[in-house]
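Engineer: Below you will find the structure I want to go over with you.
The values are calculated or read from the model by the stated rules, or taken from the named source; none is laboratory data. What you see is a predicted model; the values in this text were computed from it and never measured. FYI the Cβ positions are ideal-geometry reconstructions off the backbone, even for glycines, and counts take in every protein chain you see. Just so you know, the surface numbers come from the protein's heavy atoms only, side chains and all, with ligands and any DNA or RNA stripped out. Shrake-Rupley method; radii C 1.70, N 1.55, O 1.52, S 1.80 Å.
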Amino acid sequence: MSTATEDKHSAALDAAESGATQHVTFRLRIRRFNPEQAAEPVWVDYELSMDPKEKLLDALHKVKWEIDGTLTFRRSCAHGICGSDAMRINGKNRLACKTLIKDVLGKPKNGVYKPITVEPIKGLTVLKDLVVDMDPFFQAFRDVMPFLVAKGNEPTRERKQSIEDRARFDDTTKCILCAACTSSCPVFWNDGQYFGPAAIVNAHRFIFDSRDDAGEQRLEILNEKDGVWRCRTTFNCTDACPRGIQVTQAIQEVKRALITRRI
Amino acid sequence: MTEAERHTYDVVVIGAGGAGLRAAIEARAHGMRTAIICKSLFGKAHTVMAEGGIAASMGNVNSNDNWQVHFRDTMRGGKFLNHFRMAELHAREAPDRVWELETWGALFDRTKDGRISQRNFGGHEYPRLAHVGDRTGLELIRTLQQQVVALQQQDEREFGDPEARIKVFAEHTVTRILKDGSRVAGVFGYARETGRFFTIEAPAVVLATGGIGKSFKVTSNSWEYTGDGHALALLAGAPLMNMEFVQFHPTGMVWPPSVKGILVTESVRGDGGVLRNSEGDRFMFKYIPDVFKSQYAQGPDEADRWYADPDNNRRPPELLPRDEVARAINNEVKEGRGSPHGGVFLDVSTRMPAEEIKRRLPSMHHQFLELADVDITAEPMEVGPTCHYVMGGVAVDPDTAQAEDVPGLYAAGEVAGGMHGSNRLGGNSLSDLLVFGRRAGLHAAEYAGGIGADRPVVGQQAVDAAAEEALRPFGLAEMVEPDGPPEGGGPPENPYTLHTELQQTMNDLVGIIRREPEMREALQRLARLRARAKQAVVEGHRQFNPGWHLALDLRNMLLVSECVARAALTRTESRGGHTRDDFPTMDREWRRKLLICRLAAGAETAEVTPRPNPAMRRDLMELFDAEELQKYLTDEELQHYSSEDAEGQE
């Protein structure tokens with residue numbers, strides 16, 4: 001292992017010293033859609049030569065800036081925190097800004113790489129190219145009462161919360177509302193009425209917050225027919241989460257709370 | 001006549017980051033019908049990127065802390081150029097804003113007795129930053145977003161319409177503030193998705209658009225940071241101030257490419273991380289300026305004792321204010337002791353056990369491992385200065401956040417100037433957003449509420465002119481003939497190419513170290529770019545057309561970049577986020593002057609003029625030792641204070 005690390009290190013150093021980077025040539029196959037031009041989406045290939053350690057978002061920018069200025073996708077912080085650029089890359093939901101080209105490039109066959117496919121996330125209406133209508137997703141988020149409901153008098157300083165109580169819902173506060181989980185869920189694909197994993201994660205965040213007094217109400221919302229019982233535990237959501245949230249586990253905790261009626 | 005969707009509100013807030021949302025919540029709380037306009041989806045604002053925490057002297061970890069100490073640190077960090085009143089209000093009100101955020105549900109790391117935990121940060125005398133691991137900005141935005149949802153559900157119960165009093169126009173961009181005489185009358189812009197124009201008639205507009213970092217090549221800023229609010233204010237007749245002060249965060253990743261520009265939060269240094277050069281030397285001890293000598297450890301032994309026993313030891317120099325650290329790194333690299341990719345090494349791996357690193361800096365650890373194959377528990381990071389924040393902004397009244405000269409216009413957060421002087425301390429940004437976001441919302445609401453029947457009106461002529469300006473890049477496209485050049489001279493220009501050239505120009509010629517001939521060159525290049533930007537041509541239609549959006553953003557970036565370059569050329573000293581190679585020292589005379597940028601009606605570039613910096617109130621001045629004041633104030637000013645002193649004793 002140590003040799004491999006050294007090799008990698010010195011290769012990087014050599015590249016830097018010579019001022020060159022090791023570019024590879026590959027194709028980006030993007031599912032393009034412009035409702036003003038055609039009723040159906042089309043796959044379009046773009047040939048790029050780039051350092052494979054760059055991000056897929058960099059590849060999309062290269063297409064937009066140098067080849068076709070009309071290519072449309074959402075992105076904002078570009079550092080994996082804001083959750084704007086979830087898309088299906090080689091058939092799997094990822095954030096374009098957290099995906100390195102080398103990790104989706106595969107191995108070359110006769111010196112040629114298979115194209116990297118990029119398409120919008122599934123289950124939401126495509127508006128243009130990689131941009132989908134996020135309204136139903138945010139509506140499900142709003143439907144689970146995603147805000148603290150605390151009874152009693154407002155404190156003048158902070159409410160106290162023990163380190164243990166705080167740790168209980170730490171994982172589900174990491175959500176960036178990117179929709180990677182919800183749009184990877186086969187139940188959601190078949191029925192857009194299902195709340196979807198992201199909304200349940202955001203309900204979990206409050207149900208298990210020791211400061212909150214509306215856990216019962218949220219559990220009732222999630223007990224409805226479009227709620228947690230639709231989950232088939234396929235773990236797609238957990239695999240898709242760019243924040244590493246244990247989404248399926250959070251859903252299971254909500255189900256258990258519904259059965260035992262204990263939070 | 002332009003076809004534009006028309007709305008009427010009492011208060012319009014442009015920007016949905018921390019300042020914008022806090023302003024909107026306050027305006028709504030005062031009964032105003034409030035519109036929030038943001039370029040991205042709701043909840044994706046650049047505030048999410050803030051990692052370190054919110055500075056507030058709650059004194060939960062060290063009870064010696066109070067607002068006066070926070071005020072002092074802020075003034076020192078800004079090299080006394082800050083507007084003292086803004087720094088005072090900020091230090092006084094920050095604790096209440098943090099507690100308020102907690103009661104709205106924000107998650108915080110806790111002390112053993114369940115209070116909000118606070119951490120050390122550069123330039124802050126005591127542990128002061130309330131935080132959630134290293135995702136404090138994300139939690140701040142999410143909590144405010146949740147609060148907006150809660151208010152909308154209240155309104156739904158009360159009025160049957162969740163958007164009765166607060167509506168979010170997501171993925172909308174404002175291109176003009178509209179006026180009725182000298183007063184604000186509303187805004188004009190376009191919906192990014194459909195490309196359709198809209199106007200909102202409103203007597204009060206709050207600018208909360210953030211910064212200008214996308215004018216620089218090496219930046220941590222997100223795509224929204226094109227100086228929109230700065231430019232909108234200028235175009236509406238409001239002045240900007242302090243535009244020469246741009247903060248370069250000292251520790252942005254320089255390698256590998258996948259993480260280039262990502263910031264390594266200062267808390268890595270607050271928790272024990274150290275900076276070393278290529279010779280393995282912990283070099284920061286060489287760079288402690290005289291003004292800070294009494295507060296920072298002179299050697300590694302004392303510095304290392306500080307982490308466990310801060311009361312009896314002085315702080316490590318890695319925690320000097322950002323401008324000092326950035327300059328030191330720049331100098332090490334310039335003198336040939338840099339890392340292979342032009343930075344220095346930031347090492348936490350040899351300073352604490354791997355498990356501890358993972359616990360304290362989980363997102364950092366995860367991010368670098370995943371994106372860069374860099375395990376920060378096992379190897380150092382390669383870091384260097386990265387454009388991060390602009391101290392300059394709209395000149396506002398400190399108490400009300402109202403922009404000078406334009407009744408009805410307000411500004412809060414990064415787009416406002418004055419609060420941070422020449423250099424912002426880490427952690428003071430999130431608190432700034434909450435303190436002045438609230439104030440802007442409050443005073444905008446009072447102004448709009450008090451206007452009665454005398455509401456300003458949006459004139460059709462102004463709407464038509466704004467629409468014509470916005471459509472120009474398409475008009476040019478139609479003019480392009482296959483056989484010849486378009487009208488107006490010059491070949492058609494690709495907006496992306498122009499943007500890249502602008503970024504390179506600002507980075508190379510008006511970057512962290514500045515020289516007169518280079519800035520003159522920059523101004524010439526900017527003038528050429530401005531001419532070429534008029535030939536920017538876009539393909540396609542108005543629906544979700546990113547090329548068109550950038551062509552419109554270019555106007556703002558060029559306007560603001562000129563302000564930065566002109567102000568930087570005018571200020572012949574080095575202070576905070578403005579370092580002149582040809583004027584390397586701080587000049588006490590220059591502290592008395594602020595540089596103001598104005599755009600005359602119909603002019604293409606802003607004029608820069610100096611004006612006096614208001615003198616600090618006496619009770620605030622007394623918070624400092626006379627010896628320290630001598631470093632910043634002229635003899636004349638000091639005499640003035642001591643003569644007042646004599647009068648006071650009579």
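Engineer: Between B:Thr585 and B:Glu355, what is the spin-label point distance in nm, taking each point 7 Å from the Cα along the Cα→C-beta axis?
Structural biologist: Once both label points are built, they end up 5.3 nm from each other.
Engineer: Return the distance in nm (one decimal) between the two label points of a simple spin-label model at A:Ala38 and B:Thr570, each offset 7 Å from Cα along Cα→Cβ.
Structural biologist: Label-label distance for A:Ala38 and B:Thr570, simple model: 5.5 nm.
Engineer: What is the dipole size for chain A, taken about its Cα centre, with +1 at each Lys and Arg Cβ and -1 at each Asp and Glu Cβ, in debye to the nearest 20? Could the numbers behind the result be given before it?
Structural biologist: Working: 40 positive and 36 negative charges, 109 e Å.
In debye, rounded to 20, chain A gives about 520.
Engineer: Let me ask another. Please state the charge dipole magnitude for chain B, taken about the Cα centre, from unit charges on C-beta atoms (+1 on K and R, -1 on D and E), reported in debye and rounded to the nearest 20.
Structural biologist: Working: 74 positive and 95 negative charges, 91 e Å.
Charge dipole, chain B, about its Cα centre: 440 debye, nearest 20.
Engineer: Rounded to two decimals, what ratio of Rg to Rh does chain A give with C-alpha atoms and a Kirkwood Rh?
Structural biologist: Rounded to two decimals, Rg/Rh equals 1.06.
Engineer: Then there is this: Within 10 Å of each Cβ of B:108-116, how many other protein chain Cβ atoms are there on average?
Structural biologist: On the way: counts 3, 3, 9, 2, 2, 3, 10, 5, 5.
Partner-chain Cβ atoms within 10 Å, mean over residues of B:108-116: 5.
Engineer: Here's another thing I want to ask about it. Please enumerate, by chain and number, the lysines with C-alpha under 22 Å from the C-alpha of A:Lys160, excluding those fewer than 8 residues away in the same chain.
Structural biologist: A:Lys151, A:Lys174, B:Lys112
Engineer: Sticking with this one: Nearest 10 degrees is fine. How inclined is helix B:546-570 to the longest principal axis of chain B, computing both from alpha carbons?
Structural biologist: Helix B:546-570 sits roughly 50 degrees off the main axis of chain B.
Engineer: Okay, which of the range B:1-23 sit inside 14 Å, backbone N to the point 7 Å along the Cα-Cβ direction of B:Asp464?
Structural biologist: B:1-4
Engineer: Averaged across B:43-50, how many Cβ atoms of other chains sit within 10 Å of each residue's Cβ atom? Write down the numbers at each step before the final one.
Structural biologist: Values: counts 7, 12, 3, 4, 2, 7, 6, 1.
Mean shielding by partner chains, rounded to a whole number: 5.
Engineer: Give me the percent of the accessible area of the protein assembly as shown that comes from carbon and sulfur atoms, probe 1.4 Å, all protein chains in place. Before the final figure, lay out each step's value.
Structural biologist: On the way: 16090 of 33730 Å².
The value for the protein assembly as shown is 48 percent carbon and sulfur by accessible area.
Engineer: Starting from the Cα of B:Lys593, draw a straight line to each of the lysines and keep only those under 26 Å, dropping any in the same chain fewer than 8 residues away.
Structural biologist: Here the lysines satisfying the reach criterion relative to B:Lys593 are B:Lys79, B:Lys631.
Engineer: Please check: in the Gaussian network model of chain A (C-alpha springs, under 10 Å), which one of A:Asn90, A:Asn190, A:Asn34 has the largest mean-square fluctuation.
Structural biologist: In the Gaussian network model the winner is A:Asn190.
Engineer: Under a Cβ-only charge scheme (Lys and Arg +1, Asp and Glu -1), can you give me the dipole magnitude of the range B:479-598 about the Cα centre, in debye to the nearest 20?
Structural biologist: Values: 19 positive and 17 negative charges, 165 e Å.
The calculation lands at about 800 debye.
Engineer: Given only helices, namely DSSP H runs of n ≥ 4 each adding -39500 (n - 2.57), what is the per-residue ellipticity at 222 nm of the protein assembly as shown, to the nearest 500 deg cm²/dmol? Each step should come with its number before you reach the end.
Structural biologist: Working: 29 runs with 334 residues, N = 913.
About -11000 deg cm²/dmol.
Engineer: Next question, about the same structure. Tell me: how much accessible area in total is hidden between A and B, 1.4 Å probe, Å², nearest 100?
Structural biologist: Buried area (both sides, nearest 100 Å²): 5500 Å².
Engineer: Here's something else I'd like to know. Could I get the Rg over Rh figure for chain B? Both from C-alpha atoms, Rh via Kirkwood, rounded to two places.
Structural biologist: Values: Rg = 24.3 Å, Rh = 25.3 Å.
Result: Rg/Rh = 0.96.
Engineer: Collect residues whose amide H, placed 1.01 Å from N in the peptide plane, falls under 5 Å from the amide H of B:Trp255; neighbours closer than 5 in sequence don't count.
Structural biologist: Those qualifying (amide H under 5 Å, at least 5 residues apart or on another chain) are B:Glu382.
Engineer: Can I ask one more? How high is the FRET efficiency between A:Glu47 and B:Asp373 when r is their beta carbon distance and R₀ equals 35 Å, given to the nearest 0.05? Intermediate results must be reported in sequence, preceding the final value.
Structural biologist: Numbers: r = 27 Å, r/R0 = 0.76.
Given R0 = 35 Å and the Cβ-Cβ separation, E is 0.85.
Engineer: Using a ≥ b ≥ c from the Cα gyration tensor of the range A:141-184 (square roots of the eigenvalues), is it rounded, prolate or oblate, where a/c under 1.5 gives rounded and otherwise the larger of a/b and b/c decides, a/b for prolate?
Structural biologist: Working: a/c = 3.47, a/b = 1.74, b/c = 1.99.
Here the range A:141-184 falls in the oblate category.
Engineer: Which whole-angstrom value gives the distance between the alpha carbon centres of the range A:119-178 and the range B:333-360?
Structural biologist: Centre-to-centre distance over Cα atoms comes out at 35 Å.
Engineer: Continuing with the same structure: At 0.36 nm per residue, and after removing the present C-alpha to C-alpha distance, how many nm does the segment from B:Asp304 to B:Asp397 gain when stretched out fully?
Structural biologist: Numbers: separation 93, 0.36 × 93 = 33.48 nm, distance 4.30 nm.
Computed gain between B:Asp304 and B:Asp397 is 29.2 nm.
Engineer: Now for a separate question. Please work out the Cα center distance from the range A:85-114 to the range B:107-165, rounded to the nearest Å.
Structural biologist: The two parts, judged by their Cα centres, are 36 Å apart.
Engineer: Points 7 angstrom from Cα along the Cβ direction at A:Gln217 and B:Phe159: gap in nanometres?
Structural biologist: Calculated label separation equals 2.0 nm.
Engineer: Show me, for the range B:253-259, the HN-Hα J-couplings you get by feeding each phi into the Karplus relation (A = 6.51, B = -1.76, C = 1.60, θ = phi - 60°), rounded to Hz, glycine and proline as x.
Structural biologist: Result, rounded to whole Hz: 5, 9, 7, x, x, 5, 10.
Engineer: So what is the relative contact order of the range B:420-578, in percent, for Cα pairs below 8 Å that sit 6 or more residues apart? The partial results should precede the final answer.
Structural biologist: Working: 114 pairs, mean separation 43.9, N = 159.
It comes to 28 percent, rounded to a whole number.
Engineer: How do the peptides B:170-182, B:559-571, B:421-433 rank, highest first, by the average count of neighbouring beta carbon atoms within 10 Å per residue? Could the numbers behind the result be given before it?
Structural biologist: Details: B:170-182: 20.2, B:559-571: 24.9, B:421-433: 28.4.
Highest-to-lowest ranking by the protection proxy: B:421-433, B:559-571, B:170-182.
Engineer: Evaluate E = 1/(1 + (r/R0)^6) for B:Ser182 and A:Val149, where r is the Cβ-Cβ distance and R0 equals 51 Å; express this FRET efficiency to the nearest 0.05.
Structural biologist: The calculated FRET efficiency here is 0.70.
Engineer: Work from the charge dipole of chain B (Cβ charges, +1 for Lys and Arg, -1 for Asp and Glu, about the Cα centre) and give the residue of B:Tyr126, B:Pro491, B:Gly392 farthest towards its positive end.
Structural biologist: Comparing the listed Cα positions along the dipole, B:Pro491 ranks first.
Engineer: Any idea what angle helix B:635-649 forms with the longest principal axis of chain B, computed on alpha-carbon atoms, 0 to 90 degrees, nearest 10?
Structural biologist: Orientation of helix B:635-649: about 80 degrees from the principal axis.
Engineer: Something else now. Tell me, what is the percent relative contact order of the range A:162-241, built from C-alpha pairs under 8 Å that lie six or more residues apart?
Structural biologist: Details: 78 pairs, mean separation 30.2, N = 80.
Relative contact order comes out at 38 percent.
Engineer: Quick one: grab the alpha carbon gyration tensor of the range B:479-598, order the square roots of its eigenvalues as a ≥ b ≥ c, and give me rounded if a/c is under 1.5, else prolate or oblate depending on whether a/b is larger than b/c.
Structural biologist: Numbers: a/c = 3.14, a/b = 2.55, b/c = 1.23.
The shape class here is prolate.
Engineer: Residue by residue, what Karplus-based ³J(HN,Hα) values in Hz, rounded to whole numbers, does the range B:571-586 have, using 6.51, -1.76 and 1.60 with θ = phi - 60° and x for Gly and Pro?
Structural biologist: Karplus values, whole Hz, x for Gly and Pro: 7, 8, 7, 10, 7, x, x, 9, 10, 9, 4, 8, 9, x, 10, 7.
Engineer: What is chain B's relative contact order, in percent, from Cα pairs under 8 angstrom and six or more apart in sequence?
Structural biologist: Numbers: 1471 pairs, mean separation 129.6, N = 650.
Relative contact order comes out at 20 percent.
Engineer: Apply the Karplus curve 6.51 cos²θ - 1.76 cosθ + 1.60, θ = phi - 60°, to the phi angles in the range A:253-260 and return the couplings in whole Hz, x for Gly and Pro.
Structural biologist: Once rounded to whole Hz, the list reads 5, 5, 4, 4, 5, 5, 6, 8.
Engineer: Checking the cross-link filter: which aspartates and glutamates have an alpha carbon closer than 20 Å to that of A:Lys122, excluding same-chain neighbours under 8 positions apart?
Structural biologist: A:Glu40, A:Asp85, A:Asp133, A:Asp135, A:Asp191, A:Asp226, A:Asp239, B:Glu193
Engineer: Can I ask one more? Just how far, in whole angstrom, is the range B:1-51 from the range B:587-637 if you go by their alpha carbon centroids?
Structural biologist: 32
Engineer: Would you please classify the overall shape of the range B:537-650 from the alpha carbon gyration tensor, given that a ≥ b ≥ c denote the square roots of the eigenvalues, rounded means a/c under 1.5, and beyond that prolate means a/b larger than b/c while oblate covers the rest?
Structural biologist: On the way: a/c = 3.29, a/b = 2.80, b/c = 1.18.
It comes out prolate by the Cα gyration axes.
Engineer: Between A:Pro41, A:Cys97, A:Ser76, whose Cα lies farthest towards the positive end of the dipole of the range A:4-131 when Lys and Arg beta carbons carry +1 and Asp and Glu beta carbons carry -1, centred on the Cα centre?
Structural biologist: Toward the positive end, the furthest listed residue is A:Pro41.
Engineer: Taking all pairs of distinct Cα atoms, average 1/r, flip it, and tell me the Kirkwood hydrodynamic radius of the protein assembly as shown in Å to one decimal place. Before the final figure, lay out each step's value.
Structural biologist: Numbers: mean 1/r = 0.0353 Å⁻¹.
Over the protein assembly as shown, the inverse of the mean reciprocal pair distance is 28.3 Å.
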